[in-house]
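I have placed the structure first, in the form of structure tokens, so that the comments after it can refer back to it.
The values are calculated or read from the model by the stated rules, or taken from the named source; none is laboratory data. Source: prediction; values computed, not measured. Cβ placement follows ideal geometry from the backbone for every residue including glycine, while neighbour counts extend to all protein chains displayed. All accessible areas refer to the heavy atoms of the entire protein, side chains included, with ligands and DNA or RNA removed. Shrake-Rupley method; radii C 1.70, N 1.55, O 1.52, S 1.80 Å.
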There are 2 protein chains.
Amino acid sequence: MQALTFIKSNKWEIIMRDSNRPSLEDVAALAGVSTASISRCINSPQKVAEPTRQRIQNAIETLGYVPHFGGRALARNRTNTIGAIIPTMDNAMFASGLQAFQETLSAAGVTLLVGSSNYDPDQEFDAIRSLLSQGADGLLLIGAARPEKTQAFLTQHAVPHVLAWCCPKTGHSPSVGFDNQKSGHDIAAHVLAHGHRKLAVICGLREGNDRATARVVGIKQAIASQSDAQLLGLEECKYSFEEAGAAFAQLLTGPEKASAVICGSDVLAVGALLQARKMGLRVPEDISITGFDDISLAQVTTPSLTTVRVPQHSMGRKAAEVLLALLNQEPGQNLRHELMTTIIDRGTLARI
Amino acid sequence: MQALTFIKSNKWEIIMRDSNRPSLEDVAALAGVSTASISRCINSPQKVAEPTRQRIQNAIETLGYVPHFGGRALARNRTNTIGAIIPTMDNAMFASGLQAFQETLSAAGVTLLVGSSNYDPDQEFDAIRSLLSQGADGLLLIGAARPEKTQAFLTQHAVPHVLAWCCPKTGHSPSVGFDNQKSGHDIAAHVLAHGHRKLAVICGLREGNDRATARVVGIKQAIASQSDAQLLGLEECKYSFEEAGAAFAQLLTGPEKASAVICGSDVLAVGALLQARKMGLRVPEDISITGFDDISLAQVTTPSLTTVRVPQHSMGRKAAEVLLALLNQEPGQNLRHELMTTIIDRGTLARI
DNA sequence: CTGAAAGCGCTAACAA
DNA sequence: TTGTTAGCGCTTTCAG
């Protein structure tokens, strides 16, 4: 395609343009104003007289003008883009929080860049660098634990970021999340209150995963505080039905049988539930199982899962708000938001 | 913070720089070479002599230099960013395809921008404009049906894009997906082959959703081709357990009862299943239910769901590959990839 | 193999 | 209210 374009030399020429994309200058020429006015008209319309605005608008529309991202980013030194790095979108654990995050951003005219870490600190570091090099103005990160290297990078580059799914008491990062340890404690206490004394735990791989770690700490704490209770076993595995099933089977291998298995995630709990059924165990008559997260899986199993509800949606929304406020330098913001989890009693926890 | 910077005027000065971010010029000064060499060293290292390369590398590292996104995007007129617009990440239907898409992109050094449409053509249009204005080099779009306005925009701006979750026979857009109509036909034929003759259907809102529409067309076709079979009712609703449950109840309202309910999505099927249980109906003894998608929900219900498996993962990966090839102008690419769906027989379809 | 310099498209300070 | 103009940081011919 060919386009009529205004050249620096002040003459009109027919030249090749990449897919005919009009520039500010084209619009300016057509509207008979300077490029500055166009820019103003786009970025602060009130600074431009109504009739001019009209003409410019027309020119923009007839040309189908869209501001060039690179030019704008270069001039403003800001991209209006925010990155989120989550372990994976593959399980519903983060997906709906991310959805809320994205919607809130989008409403504020900010676009979401997504990277994933697969629960691997190195991959997370790469993703951070990658998203930053793509111009992300700020970052959403899951959890608070990361290697020194990553921390240093974050502070060295003064990356605006908020932590989600956690609410660290130490550190200076803004956060929107919940107390994993307390929630772990709560669900374990709940199980104990149902009369269970021989417990077992299935949790995700804890290395580098502070949420999984904290939940277990909380669970252990609750068990320890009940003198006649004991933790018969603890299995770590990936977040898959299969691995959780294997972990569950392993747990039932010992001489003493647990009456309840507390799981660090619904995915693990469902894996355990499926395996229990496979082994001919009735839940919760023969064994109780609890989950964590309250993703949609939890309500469709039979019996449905007693679990801990994590306010994913409000967490995602709030995280976006905090990050946005951070980027806009809004003062007086509360930088640490602790949300509450609640225990959802359904059918997998028996009273004994 | 203050930084030592090389100024056009050729003298050294102490000046203020935004958060001390080093530029190419800083690196050049420190390494004692021109900015061009740095640029080369980064983008095509083989074009630079080994010793120089070393010095430059050092300079880059000691300064912690990261190329500025805007500058690069402006000069190259390319962002290395691809946008995906999906109805929602909230349900697992798209999340894992998106995850595969992202991973493949990431491996190629391309970053993913995410927008969502909520199944609304207008929102999709906005998202397209938004992602494009954020510099997306290409787009992943779900389904083939969109308003004239959107189509026109896409062609006018010559937006490289690939369609997923569908494989339209018409139109010029590259696509990676499966035949929704055929898959709908297949599952219905499968149900018929099990002896069912009185059928009902629950599907998603079909307006603007070609996947949902095509699936129903296929289902109807299969039913029509079996002379003694009849479609007793069809309900449309949103993809939620609640709405699907209501639709299911509505379907069982008439004088004649269906022996099988074919659902356009696992979410709908699970909603129906839950409702059936609530109504005291045994599945599949009293009524059969089938799903579509084979998301993880499908394997955890009791009984687990007979459904159609959609190859989400390979679809996401392949879509990324096609889009990447498109952007790199790689010739001789096959631009229409039809993947196969398979029926997964589990426990919700009875033989009668 | 390396350097000089001309932009890429847009914004914002300064003038008018 | 509008225009002029100097960059923003990087890539890329074109010379050397």
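Cβ-Cβ distances below 7 Å connect the following pairs, each with a first residue in segment B:234-262 that is free of Cβ contacts under 8 Å to residues at least 40 places away in the same chain, a second residue that is polar (S, T, N, Q), and a separation of six or more residues or different chains: B:GLU235/B:GLN250; B:GLY245/B:GLN275; B:ALA249/B:GLN275. Taking the criterion of being closer than 23 Å to B:ARG78 by Cα and in contact with a strand residue (DSSP E or B) (Cβ under 8 Å, 6 or more places away or on another chain), the residues of segment B:88-115 that qualify are B:LEU98, B:PHE101, B:GLN102, B:GLU103, B:LEU105, B:SER106, B:VAL110, B:THR111, B:LEU112, B:LEU113, B:VAL114, B:GLY115.
The set of residues from segment A:27-66 being in a helix (DSSP H, G or I) and within 14 Å of another protein chain (Cβ to nearest Cβ) comprises A:ILE42, A:ASN43, A:ILE60, A:GLU61, A:THR62, A:LEU63. Taken over segment B:46-58, the criterion of being near DNA strand C (Cβ under 10 Å from one of its atoms) and within 22 Å of A:LEU132 (Cα to Cα) is satisfied by B:ILE56 alone. Screening B:THR302 against (1) among the polar types (S, T, N, Q); (2) under 21 Å from B:LEU192 (Cα atoms); (3) in a loop (DSSP other than H, G, I, E, B) leaves a single unmet condition, (2). Taken over segment A:83-93, residues that are in a helix (DSSP H, G or I) and more than 9 Å from chain B (Cβ to nearest Cβ) amount to 1. Out of segment A:83-105, which residues are at pLDDT 95 or above and either within 16 Å of DNA strand C (Cβ to nearest atom) or of a type in the set (Val, Ile, Thr) (or both)? Residues satisfying the conditions are A:ILE85, A:ILE86, A:THR104.
When segment A:284-297 is filtered for residues that are open to solvent by 20 Å² or more (accessible area, probe 1.4 Å) and either within 13 Å of chain B (Cβ to nearest Cβ) or of a type in the set (Asp, Glu) (or both), the ones remaining, listed by number, are A:GLU285, A:ASP286, A:ASP294, A:SER296. Looking only at segment B:261-298, residues that are farther than 24 Å from A:ALA269 by Cβ and assigned to a strand (DSSP E or B) come to 6 in all. Return the only residue of A:ALA214, A:ALA258 being open to solvent by less than 50 Å² (accessible area, probe 1.4 Å), of a type in the set (A, V, I, L, M, F, W, C) and either part of a helix (DSSP H, G or I) or assigned by TED's automatic domain parsing to the domain that holds A:ILE85 (or both). Every option except A:ALA214 fails the conditions.
Among the residues of segment A:96-134, those identified as more than 19 Å from A:LEU324 (Cα to Cα), at the interface with chain B (Cβ under 8 Å from one of its Cβ atoms) and over 15 Å from the mean Cα position of the chain (by Cα) are A:ARG129, A:SER130, A:SER133. Might you let me know whether segment B:148-157 holds any residue that is surrounded by fewer than 22 Cβ atoms within 10 Å (Cβ to Cβ) and not in a helix (DSSP H, G or I)? Looking through segment B:148-157, at least one residue is surrounded by fewer than 22 Cβ atoms within 10 Å (Cβ to Cβ) and not in a helix (DSSP H, G or I). Considering every residue within segment A:312-329, establish whether at least one is open to solvent by 30 Å² or more (accessible area, probe 1.4 Å) and on the phi > 0 side of the Ramachandran plot. Yes, segment A:312-329 has at least one match. The selection criterion, being over 29 Å from B:ARG72 (Cα atoms) and basic (Lys, Arg), holds for A:LYS169. Going by the conditions given, is A:LEU140 out of contact with any helix residue (DSSP H, G or I) (no Cβ under 9 Å at 6 or more places or on another chain), open to solvent by less than 50 Å² (accessible area, probe 1.4 Å) and either closer than 30 Å to A:ASP179 by Cα or more than 8 Å from chain B (Cβ to nearest Cβ) (or both)? No: the conditions fail for A:LEU140. The set of residues in segment A:49-76 that are crowded, with 19+ Cβ neighbours inside 10 Å and over 40 Å from the mean Cα position of the chain (by Cα) comprises A:ILE56, A:ALA59.
Considering only segment B:53-77, state which residues are within 12 Å of DNA strand D (Cβ to nearest atom) and over 24 Å from A:HIS157 (Cβ atoms). Of everything in segment B:53-77, just one residue is within 12 Å of DNA strand D (Cβ to nearest atom) and over 24 Å from A:HIS157 (Cβ atoms), namely B:ASN77.
To keep it simple, each residue is scored yes or no on (1) farther than 25 Å from A:THR213 by Cα; (2) open to solvent by less than 40 Å² (accessible area, probe 1.4 Å).
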{"residue": "A:GLY264", "(1), (2)": "no, yes"}
{"residue": "A:LYS278", "(1), (2)": "yes, no"}
{"residue": "A:ARG309", "(1), (2)": "no, no"}
{"residue": "A:THR341", "(1), (2)": "no, yes"}
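A single entry from B:GLU61, B:GLU25 fulfils the requirement of being out of contact with any Gly (no Cβ under 6 Å at 6 or more places or on another chain), away from DNA strand C (no atom under 16 Å from the Cβ) and either closer than 29 Å to A:ARG72 by Cα or in the same structural domain as B:LEU205 (by TED's automatic domain parsing) (or both): B:GLU61. Among the residues making up segment B:34-48, those that are within 11 Å of DNA strand D (Cβ to nearest atom) and free of Cβ contacts under 8 Å to residues at least 12 places away in the same chain are B:SER34, B:THR35, B:ALA36, B:ARG40, B:ASN43, B:SER44, B:LYS47, B:VAL48. Of the residues in segment B:67-82, at least one is assigned by TED's automatic domain parsing to the domain that holds B:ASN328, in a strand (DSSP E or B) and at pLDDT 90 or above. Going by the structure shown, is B:LEU154 at the interface with chain A (Cβ under 7 Å from one of its Cβ atoms) and without any contact (Cβ under 8 Å) to a residue 40 or more places away in the chain? The answer is no for B:LEU154.
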